[in-house]
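Just so you know, all these numbers are worked out from the coordinates, no wet-lab data involved. A quick note: this is a predicted structure, and the numbers were derived from the prediction, not measured. Methodologically, a virtual Cβ is constructed for each residue, glycine included, from the backbone with ideal geometry; neighbour enumeration extends over all protein chains shown.
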There are 2 protein chains.
Amino acid sequence: MITRNPSLTDQVKAHIKELILTDGFEDARIPPETELAADLGVSRTTVRDALSRLQSEGAIYRRQGAGTFVNQQGLQIKSRLEDIWSYEKLLEDHGFEPSVRVLAASKAPADSPTAEALGLNDGDMVLIIEKLFLEDEKPVMLTINRIPTHFLSGTDYADDEAAPIYEFLQDHCDRSLSYYLSEIIPVALDADTASKLGVDPGTPAISFDEIGFDQSNEPLVRATSHFRDDLLRFRLIRKRSGA
Amino acid sequence: MITRNPSLTDQVKAHIKELILTDGFEDARIPPETELAADLGVSRTTVRDALSRLQSEGAIYRRQGAGTFVNQQGLQIKSRLEDIWSYEKLLEDHGFEPSVRVLAASKAPADSPTAEALGLNDGDMVLIIEKLFLEDEKPVMLTINRIPTHFLSGTDYADDEAAPIYEFLQDHCDRSLSYYLSEIIPVALDADTASKLGVDPGTPAISFDEIGFDQSNEPLVRATSHFRDDLLRFRLIRKRSGA
DNA sequence: TAGTGGTCTAGACCACTTC
DNA sequence: AAGTGGTCTAGACCACTAA
């Protein structure tokens, strides 16, 4: 049942991932590329594309001349930092079933770091949406989004404040979020943030300070997020790079 | 002058990066893949491989049907987290010329997190190497490596304690470091670490807790590192993933 | 020496953007 | 309609690992 869309590569990738999770293989060894290609009736290139993606996700590793192997360690990686697109999905990948609570949604003049990040003038207004993500009523992360009000194409957005930001920007600003430039910052939580997250003030936490851009590199949104380190910890595989 | 090794793809990649940094292009637009392929006398596949790597580094982005463009934001990324291999190189990429000071190198029984990470028994000995990386006498990061002593193939390693760990493991343990599994942890610096880094106790910092594995997934080393956030901040590009 | 992954080619067709 | 990047094929040869 080989069809277009999802792409062949995606189907092959899903198939191999399935094999990894169910079979386990002997010695964690995955069949040779040529064999996979023959079995699935696709070209070796397609198989290699699929394997390359699995490799970059940390699920497998390859040794020239030896073979392709399952990377048990890599399976601990729930999500690659650079692949995080919505926090809803991030939390789901970590095994949560998050609910979202909008703590605040109001317009105010941009503070100075926001104005600088978004290229605004002093006094320009931004819509501030503060969302808390919970798992079973327990706070996991807090995120504050700031969107220039001049992007808003209407006023009837109240129902969608809980939506993922890229969706909100699409629906109510007619802008398409393309990527984030993100800084990873260690902080001691201030009293306000700590209380919203249900931890003691001063608790160390990871904070993301990010700017979301559209395809033309125009900044659309500035986001600041804080995570409960005891509930959500970021892991990654570091390898010798080809660069 | 097209030769093997470095690979064609690497040469093409370097060539395009050169173009990006010097020319700047109009509208940040990069010539079409077919044109690059013709100019350089290589196949489009090779050009695409090179562009894909540049894209994953954040230097460019591609829009189907529209073209390939320079990503000015992405050029701010000094090094991808997942491509960090030695801290020497990381610091160089950030514009430092780091010097290394070995603060300690001694054998001791493994503490319990180390023993667990490396699969050791209670009381097994590890060689602990504590290194401080400085820029102009100013501490930037501190790293502690723990290597099981039973890996050591000799006793004359004293001169190489300052070497990058993968080199030390190669030369004195005959083991080849393949990858790290790394956790990103927010901490408030304890008095000892803070004083070594020259900051106040309690200063928030990023800590990496990592296990280094060889090709067979055998753990070789556990490392704990702390960074001066005011001198070295991690940035990354987050994109919608193909996964 | 046999078998594996790594690199590269030449070409086809598709999906999408732009004019 | 023209031109771009995205997907896929079939095949060649190389570099490396393992028996």
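Descriptive notes on the structure:
- Order of B:Ser79, A:Ser106, A:Ser153 under a 10 Å beta carbon neighbour criterion, fewest first: A:Ser106, A:Ser153, B:Ser79
- Relative to the longest principal axis of the Cα atoms of chain B, helix B:8-22 runs at roughly 80 degrees.
- Scattering from the protein assembly as shown was approximated by placing one identical point on each alpha carbon and applying the Debye formula without solvent; log10 I(q)/I(0) at 0.05, 0.06, 0.12, 0.14 1/Å stands at -0.21, -0.31, -1.31, -1.64.
- The range A:8-76: translational diffusion in µm²/s, Stokes-Einstein, Kirkwood Rh over Cα pairs, 37 °C, 0.692 mPa s: 278
- Size descriptors for the range B:168-243: radius of gyration and Dmax over Cα atoms are 16.0, 44 Å.
- With the label put 7 angstrom out from Cα along the Cα-to-Cβ vector, B:Asp230 ends up 3.0 nm from the copy partners, going from closest to farthest.
- Closest approach of a chain A Cβ to the axis relating A and B (residue, whole Å): A:Pro186, 2.
- Crossing angle, helix A:44-56 versus chain A [Cα axis fit, 0-90 degrees, rounded to tens]: 50
- Summary for A:Gly65: label point 7 Å along Cα→Cβ; distances to the equivalent points in the other copies, ascending, 4.7 nm.
- Distances in nm from B:Ser99 to the matching label points in the other copies, shortest first (labels 7 Å along Cα to Cβ): 5.9
- Taking the convex hull of the alpha carbon positions in the range B:32-124 and averaging its projected area over all directions gives 10.8 nm².
- Put the Cα centre of the range B:141-159 next to the Cα centre of the range A:76-93 and the gap is 36 Å.
- Note on the range B:88-153: Cα convex hull, mean projected area over all directions, 5.3 nm².
- Against the rule of thumb 2.2 N^0.38 Å, how large the Cα Rg of the range B:147-193 comes out: 1.49
- Once C-alpha pairs closer than 8 Å and six or more residues apart are averaged by separation and normalised to the residue number of chain A, the relative contact order reads 14 percent.
- Net charge of neighbours whose Cβ lies under 12 Å from the Cβ of B:Arg63, counting Lys and Arg as +1 and Asp and Glu as -1: +1
- Three semi-axes of the equivalent ellipsoid, chain A, Cα gyration tensor, whole Å, largest first: 40, 22, 16
- Under the Karplus curve 6.51 cos²θ - 1.76 cosθ + 1.60, θ = phi - 60°, whole-Hz ³J(HN,Hα) for the range B:66-74, x wherever Gly or Pro sits: 10, x, 10, 10, 6, 9, 4, 4, x
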